[in-house]
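J.: Before anything else, here's the structure in question.
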Amino acid sequence: MDRMTRTPEELLEAAKHVTYEIKMLVFAADHLGHGHSCPPTKPSGNEKHMALESFLLHFRNLRAFLCPSLQCVYREDILAGDFYESPRREDVVAPERLARDVERLNGMLAHLSYERRSYTAAGPYNWKTTEMAAAAVEELRAFLATLPPDRAAWFPGASWLDDAAGRFKAMAPIWDA
């Protein structure tokens, strides 16, 4: 399917929604890590579930934005390829780094399904949130580096993304949900 060419105004508005997803992914990841206390603490109970679900939802949305091959794409979906001079539907980054747990993530979050039981019955969720967050931020940075500077300016800057990635890597030993 060919992508419709969007106006600069439409793309700017879309970039605001993508930026929201990026910032919420980082916020949820930071909340899961709770690395601001000494000793570091993590949320528990429903607070942990809320933070984890929020993180996974924003990860899934950004994964679909960067790698549409990893899930169903609809005509009105915002894709990273829309921001190039010639819009395209294909992945703008290699999907391997973002393909972690595609089926499980879709089965747990996309909608209620009978498959969810098999995922929850399997025991600890073992989401590698640190790796997922770092991969998403690094792939976003790679995408932004390929955009014309005027369009890249619509998104969080490289230093902001580097700072987030640094926090994720520092939290790795104590963090995965």
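J.: So which residues in the stretch 60-89 are within 21 Å of H111 (Cβ to Cβ), assigned to a loop (DSSP other than H, G, I, E, B) and among the small types (G, A, S), if there are any at all?
T.: Once the filter is applied, which keeps residues that are within 21 Å of H111 (Cβ to Cβ), assigned to a loop (DSSP other than H, G, I, E, B) and among the small types (G, A, S), the stretch 60-89 yields nothing.
J.: Consider K16 against the criteria (1) closer than 23 Å to W154 by Cα; (2) surrounded by 14 or more Cβ atoms within 10 Å (Cβ to Cβ); (3) of a type in the set (D, E, K, R); (4) in contact (Cβ under 8 Å) with a residue 24 or more places away in the chain: it satisfies all of them except one. Which criterion is unmet?
T.: Of everything listed in (1) closer than 23 Å to W154 by Cα; (2) surrounded by 14 or more Cβ atoms within 10 Å (Cβ to Cβ); (3) of a type in the set (D, E, K, R); (4) in contact (Cβ under 8 Å) with a residue 24 or more places away in the chain, K16 misses just condition (2).
J.: Which pairs turn up if I take residues in the stretch 88-113 that are surrounded by 12 or more Cβ atoms within 10 Å (Cβ to Cβ) and look for partners that are modelled with pLDDT under 85 and of a type in the set (S, T, N, Q) with beta carbon separation below 6 Å, at least 6 apart in sequence or on another chain?
T.: Short answer, once both residue conditions are applied: G107/S113.
J.: Count, please, the residues in the stretch 70-84 that happen to be touching a residue at least 12 places away in the same chain (Cβ under 8 Å) and either among the hydrophobic types (A, V, I, L, M, F, W, C) or within 16 Å of F143 (Cβ to Cβ) (or both).
T.: 10
J.: From F59, F55, F65, grab the single residue that is closer than 23 Å to L12 by Cβ and not aliphatic (A, V, I, L, M).
T.: On the way: F59 fails: closer than 23 Å to L12 by Cβ; F55 fails: closer than 23 Å to L12 by Cβ.
Step by step, each of F59, F55, F65 is checked, and only F65 is closer than 23 Å to L12 by Cβ and not aliphatic (A, V, I, L, M).
The values are calculated or read from the model by the stated rules, or taken from the named source; none is laboratory data. Note that the structure is predicted; figures quoted are calculated from it, not measured. Note that we place each Cβ from the backbone using ideal geometry, even for glycine, and neighbour counts take in every protein chain shown.
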